[in-house]
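Throughout, read-outs are computed from the coordinates displayed, never taken from laboratory work. These figures come from a predicted structure and were not determined experimentally. FYI the Cβ positions are ideal-geometry reconstructions off the backbone, even for glycines, and counts take in every protein chain you see.
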Amino acid sequence: MKSKLSILFSLFLTALICGNLLGNKIITLFGVNVSVGIFAYPITFLITDIVEEAYGKKETLKFMKAGFIALVFSLGFVTLARVFPAASFYSANDAYNLVFENSIRIILASLVAFILAQYHDIWAFNFWKKITHKKHLWLRNNLSTIVSQVIDSSIFMFIAFFMVTPEFTILRIISMIWPYWLLKVGFAVLDTPLCYLGVFWIKSGKDE
């Protein structure tokens, strides 16, 4: 199962990094203003649930710690990229710095939200696994993710967007959190079959 675990690990880190570097863009989805990171972040929770079901808490914590390290490295590289002076012929430096200045704040927000939400998700998944006697994967997958996404969305939104511009007041942030969370819950419900499929895939057959 090691090569399958490696595939999940690479997908986990890719989704996490993409969600951070691209997440400062706001789009309207089903009438809700959300970060484009909404397409990437739910994948991280899906993967950790699959890994936790197949391998247990210890292996899942490795994913979480690696994700935290990856975010720290990303923050360092983005900061370094902005500090280096641009070549004289490079005309997009102001736009580049503006985009990645926002990305630095997104990464910092994600670092805090990620560590707290993922710790809760791992704890809650195991809690419900014991309560259900290792049955009803769909229930613990959704219950753990739903609460974890409240934590993730609230912390992330406030740190990432509060007063980025005068329009991002406390009330604006709160108004963004709940619809954003509901969309994440919708993604969590929809990806339940993928959770079952992922667990079946990782447990079935011989790993190369």
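Quick check on the exposure proxy: order F89, F73, F68 from fewest to most C-beta atoms within 10 angstrom.
On the way: F89 5, F73 11, F68 16.
The most exposed by this proxy come first: F89, F73, F68.
Give, as a single signed number, the net charge of other residues whose beta carbon lies under 11 Å from the beta carbon of C195, with Lys and Arg counted +1 and Asp and Glu -1. The partial results should precede the final answer.
Values: positive: R140; negative: D49, E52, E53, D191.
Counting the neighbours of C195, the net charge comes to -3.
Beyond 19 Å between alpha-carbons counts as too far, so tell me which of K65/K184; K58/K129; K65/K135 fall in that bin.
On the way: K65/K184 23 Å; K58/K129 15 Å; K65/K135 27 Å.
The pairs that break the limit, which is 19 Å between Cα atoms, are K65/K184; K65/K135.
Helix 170-190 versus the longest principal axis of the chain: what angle, 0 to 90°, nearest 10, using Cα atoms?
40
Classify region 116-188: rounded, prolate or oblate, from the alpha-carbon gyration tensor (a ≥ b ≥ c, eigenvalue square roots; a/c under 1.5 rounded; otherwise prolate if a/b is larger than b/c)? The partial results should precede the final answer.
Values: a/c = 4.76, a/b = 2.64, b/c = 1.80.
Prolate, since a/c reaches 1.5 and a/b exceeds b/c.
Report, in deg cm²/dmol and to the nearest 500, the calculated mean residue ellipticity at 222 nm for the chain, where each DSSP H run with n ≥ 4 adds -39500 (n - 2.57) and the sum is divided by the residue count. Could you put the intermediate results ahead of the total?
Numbers: 7 runs with 160 residues, N = 208.
Mean residue ellipticity at 222 nm (helix-derived): -27000 deg cm²/dmol.
Can you sort K62, K129 by how many other beta carbons sit within 10 Å, fewest first? Mind dumping the intermediate values first?
Working: K62 13, K129 20.
If I rank by nearby Cβ atoms, fewest first, I get K62, K129.
Decide, for region 61-203, between rounded, prolate and oblate: order the square roots of the alpha carbon gyration tensor eigenvalues as a ≥ b ≥ c, take rounded if a/c falls under 1.5, and otherwise choose prolate if a/b is larger than b/c, else oblate.
Prolate.
Taking other Cβ within 10 Å of each residue's Cβ, how do R140, R82 sort, fewest first? Walk me through the numbers on the way to the answer.
Working: R140 24, R82 17.
Fewest-to-most ranking of R140, R82: R82, R140.
For region 2-203, with the dipole built from +1 on Lys and Arg beta-carbon atoms and -1 on Asp and Glu ones, taken about the Cα centre, which of F12, V83, G37 lies farthest toward the positive end?
Positive-end residue among those listed: F12.
Enter the Cα centre distance for the pair region 143-208 and region 1-73, rounded to the nearest angstrom.
For region 143-208 versus region 1-73, the Cα centre distance is 10 Å.
Quick check for me: using +1 on Lys/Arg Cβ and -1 on Asp/Glu Cβ, what's the dipole size of region 52-208 about its Cα centre, in debye to the nearest 20?
Numbers: 15 positive and 11 negative charges, 137 e Å.
Value, rounded to 20: 660 debye.
Which Cα, out of I104, L194, M157, lies furthest along the positive dipole direction of the chain (beta carbon charges, K/R +1, D/E -1)?
L194
By how many degrees, between 0 and 90 and to the nearest 10, does the Cα long axis of helix 137-161 differ from the longest principal axis of the chain?
10
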